[in-house]
2 protein chains.
Amino acid sequence: MAAETEEPTARQQAVLDAVLSLMVEEGDKLTMTAVARRASCSKETLYKWFGDRDGLLAATVRWQAARVRAGRYDRPTLDIAALRDSLKGFAATWLTVISSPTSIALNRLAIGHAASRKSNLGGIVLENGRFAIGERLRPVLEAGREAGLLAFDDSETAFRSFFGLVGRDVQIRLLLGDILSLGRDEIERDAARATDQFLALYGRTESAPEA
Amino acid sequence: MAAETEEPTARQQAVLDAVLSLMVEEGDKLTMTAVARRASCSKETLYKWFGDRDGLLAATVRWQAARVRAGRYDRPTLDIAALRDSLKGFAATWLTVISSPTSIALNRLAIGHAASRKSNLGGIVLENGRFAIGERLRPVLEAGREAGLLAFDDSETAFRSFFGLVGRDVQIRLLLGDILSLGRDEIERDAARATDQFLALYGRTESAPEA
DNA sequence: GGAATGCCGTACCGTACGTTACGGTTCGGC
DNA sequence: GCCGAACCGTAACGTACGGTACGGCATTCC
């Protein structure tokens, strides 16, 4: 019922964190009874606060999304080094997010829910994941274009190529249960590689094939 | 119990097709009773043939995989035009597969199963999807390198970049329920773009940043 | 022709889980 | 000190579904 738009109370946040931890640890044992036990609250309270199971899950997704979105990025820059750093930072952040156990569990849940029709968790996850990062990266790309550092017709197309170069097969493999440990070093290296490749494709100083 | 390695009988194939159709149409209503009704067989037969629910699902995944794997590709080529065509063909095939309702439903199922531990459908899907196409593309890439058309240290790394340029955000968006219609024209265009970008990054005649 | 086998349809069983109900406890306001 | 509200813990209910059992029918084998 609540948590539709308003901020959840501290106690409710604790409950949602319990859902997240349970989701990560137990995977599919995400039963209302288990949540109540983990959060040390009664099922009656869960239903009073969140309406039903889907409401609880939706609130959990939103709660985690709000937490991830906390990361901020500075305004568009001008020289190529700053642009590269900015892109690399985005790439590293994105890789860190999608390889985190929380993200994996959350996406699995949302994808499972997308199979049925009700309560599109998938939409919420997309809105706060893939689309949110796209919206945040767009001004960077367009500033790069205005500064004569990048060349592209459509920023969305350019972003999607960047997205592909960064993520490659990582997310789908993790979601399907592949063991794919991404350490900090590996993420940094992959982020740098993806950024260099993107600049090779869309940078003004290099060859620039059109999309 | 059966269908572990041997080919399923015609009647069993009909059952597995029923599972697939039900999976695509109903999403999560994939109950044993529903399968039996759709396939006009008894539940007893289902359990006799496939052991339990997971066995049925595993057999279904294998059955669909065998069908997809039917597509064959000619041996490595030598000139740049043939290489480009070959890559473009792979890209278009891959996009067609991942955007098909069957693939979406199957991957959703496998991802949901990956949350729990038992019976890794995820492994089977990975093995017959992502990894199978990688193995098939590798000789093409290596032939291209030997012919002096491509430059890369590790064919796996090169392939993963190609994979990212082709798929981008398509699969995760579809899995999360985003409406993203990929027509034949769009697939052809995307495949061509991804191939050109890949060749720009790894082709010998262009700039070749190292991975 | 009769027995056996394979399979369909359906009824049945046990369990897990979402949801509700209720008794007991804590706590803020008067 | 008393009242009501909020909430915890747990019991109880209804249902959905995986899995099993059984009666009937068709086909095949002797």
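Residue A:121: open to solvent by less than 40 Å² (accessible area, probe 1.4 Å) and either more than 17 Å from the chain's Cα centre (by Cα) or more than 9 Å from every other protein chain (Cβ to nearest Cβ) (or both), yes or no?
On the way: open to solvent by less than 40 Å² (accessible area, probe 1.4 Å): yes; either more than 17 Å from the chain's Cα centre (by Cα) or more than 9 Å from every other protein chain (Cβ to nearest Cβ) (or both): no.
The answer is no for residue A:121.
Just checking, how many residues over the range A:22-35 are surrounded by fewer than 16 Cβ atoms within 10 Å (Cβ to Cβ) and more than 16 Å from residue B:112 (Cβ to Cβ)?
Filtering the range A:22-35 for residues surrounded by fewer than 16 Cβ atoms within 10 Å (Cβ to Cβ) gives A:24-26, A:29, A:31-34.
After this cut, where a residue has to be more than 16 Å from residue B:112 (Cβ to Cβ) as well, the list is A:25, A:32-34.
Counting residues in the range A:22-35 that are surrounded by fewer than 16 Cβ atoms within 10 Å (Cβ to Cβ) and more than 16 Å from residue B:112 (Cβ to Cβ) gives 4.
Please go through the range B:108-118 and give me each residue that is of a type in the set (A, V, I, L, M), closer than 20 Å to residue B:98 by Cβ and at the interface with another protein chain (Cβ under 7 Å from one of its Cβ atoms), ordered by number. Walk me through how you get there before you give the answer.
From the range B:108-118, those of a type in the set (A, V, I, L, M) are B:109-111, B:114-115; that's our starting set.
Filter again for closer than 20 Å to residue B:98 by Cβ, leaving B:109-111, B:114.
Once the filter is applied, which keeps residues that are of a type in the set (A, V, I, L, M), closer than 20 Å to residue B:98 by Cβ and at the interface with another protein chain (Cβ under 7 Å from one of its Cβ atoms), the range B:108-118 yields B:110, B:111, B:114.
Taking the range A:171-200, which residues are away from chain B (no Cβ under 11 Å) and part of a helix (DSSP H, G or I)? Working first, answer last.
Step one: of the range A:171-200, the residues away from chain B (no Cβ under 11 Å) are A:181-188, A:191.
A:184, A:185, A:186, A:187, A:188, A:191 - these are the residues of the range A:171-200 that are away from chain B (no Cβ under 11 Å) and part of a helix (DSSP H, G or I).
Can you name the number of the only condition in (1) loosely packed, with under 15 Cβ neighbours inside 10 Å; (2) more than 11 Å from chain A (Cβ to nearest Cβ) that residue B:87 fails?
Every condition holds for residue B:87 apart from (1).
Please verify whether residue A:69 is more than 14 Å from chain B (Cβ to nearest Cβ), surrounded by fewer than 16 Cβ atoms within 10 Å (Cβ to Cβ) and away from DNA strand D (no atom under 16 Å from the Cβ), treating the condition exactly as stated. Walk me through it before giving the result.
Values: more than 14 Å from chain B (Cβ to nearest Cβ): yes; surrounded by fewer than 16 Cβ atoms within 10 Å (Cβ to Cβ): yes; away from DNA strand D (no atom under 16 Å from the Cβ): yes.
It is true that residue A:69 is more than 14 Å from chain B (Cβ to nearest Cβ), surrounded by fewer than 16 Cβ atoms within 10 Å (Cβ to Cβ) and away from DNA strand D (no atom under 16 Å from the Cβ).
Quick one: in the range B:156-170, of everything that is within 18 Å of the chain's Cα centre (by Cα) and open to solvent by 30 Å² or more (accessible area, probe 1.4 Å), which residue is farthest from the other protein chains (Cβ to nearest Cβ)? Even if it seems obvious, please write down each step before you answer.
Just the residues of the range B:156-170 that are within 18 Å of the chain's Cα centre (by Cα), to begin with: B:156, B:159-170.
Checking which are open to solvent by 30 Å² or more (accessible area, probe 1.4 Å) leaves us with B:156, B:160.
Values: B:156: 10, B:160: 5 Å.
Ranking the candidates gives B:156 first.
Does residue A:112 count as in a loop (DSSP other than H, G, I, E, B), open to solvent by 30 Å² or more (accessible area, probe 1.4 Å) and touching a helix residue (DSSP H, G or I) at 6+ places or on another chain (Cβ under 8 Å)? Steps first, please.
Numbers: in a loop (DSSP other than H, G, I, E, B): no; open to solvent by 30 Å² or more (accessible area, probe 1.4 Å): yes; touching a helix residue (DSSP H, G or I) at 6+ places or on another chain (Cβ under 8 Å): yes.
Taking the combined requirement at face value, the residue does not satisfy it.
If we keep just the residues of the range A:1-53 that are within 14 Å of DNA strand D (Cβ to nearest atom) and polar (S, T, N, Q), which is nearest to residue A:102 (Cα to Cα)?
Ranking the candidates gives A:13 first.
Residues of the range B:1-16 being small (Gly, Ala, Ser) and either under 26 Å from residue A:113 (Cα atoms) or free of Cβ contacts under 8 Å to residues at least 12 places away in the same chain (or both), which ones? Spell out how you get there, then give the answer.
Our first condition is that a residue be small (Gly, Ala, Ser); within the range B:1-16, this holds for B:2-3, B:10, B:14.
Within the range B:1-16, just B:10 meets the criteria.
What helices (runs of 4 or more DSSP H) completely inside the range B:17-106 contain at least 2 residues that are among the aliphatic types (A, V, I, L, M), in contact (Cβ under 8 Å) with a residue 12 or more places away in the chain and under 30 Å from residue B:137 (Cβ atoms)?
Values: elements: B:32-39, B:43-50, B:53-68, B:80-98.
In the range B:17-106, the matching helices (runs of 4 or more DSSP H) lie at B:53-68, B:80-98.
Residue B:101 fails exactly one of the following numbered conditions: (1) open to solvent by 30 Å² or more (accessible area, probe 1.4 Å); (2) at the interface with another protein chain (Cβ under 8 Å from one of its Cβ atoms); (3) closer than 28 Å to residue A:120 by Cβ. What is the number of that condition?
Failed condition: (2).
Answer yes if at least one residue in the range B:133-144 is facing chain A (nearest Cβ under 10 Å), under 15 Å from the mean Cα position of the chain (by Cα) and within 29 Å of residue A:116 (Cβ to Cβ), and no otherwise.
Scanning the range B:133-144, I find no residue that is facing chain A (nearest Cβ under 10 Å), under 15 Å from the mean Cα position of the chain (by Cα) and within 29 Å of residue A:116 (Cβ to Cβ), so the answer is no.
Restricting to the range A:146-155, name every residue that is open to solvent by less than 20 Å² (accessible area, probe 1.4 Å) and assigned to a helix (DSSP H, G or I).
Correct list: A:155 only.
Kindly evaluate residue B:97 against the criterion of being hydrophobic (A, V, I, L, M, F, W, C), within 20 Å of residue B:6 (Cα to Cα) and away from DNA strand D (no atom under 13 Å from the Cβ).
Details: hydrophobic (A, V, I, L, M, F, W, C): yes; within 20 Å of residue B:6 (Cα to Cα): no; away from DNA strand D (no atom under 13 Å from the Cβ): yes.
Judged against the criteria, residue B:97 is not a match.
Would you pick out the residues in the range A:1-13 that are outside any loop (DSSP other than H, G, I, E, B) and either surrounded by fewer than 15 Cβ atoms within 10 Å (Cβ to Cβ) or among the β-branched types (Val, Ile, Thr) (or both)?
If we filter the range A:1-13 for residues that are outside any loop (DSSP other than H, G, I, E, B), which is where we start, we get A:10-13.
Result: A:10, A:11.
The values are calculated or read from the model by the stated rules, or taken from the named source; none is laboratory data. Only a predicted model underlies this, so the values are computations on that prediction, with no experimental measurement involved. Cβ atoms come from the backbone with ideal geometry, glycine included; neighbour counts cover every protein chain shown. The area values use the complete protein model at the heavy-atom level, side chains included, leaving out ligands, DNA and RNA. Shrake-Rupley method; radii C 1.70, N 1.55, O 1.52, S 1.80 Å.
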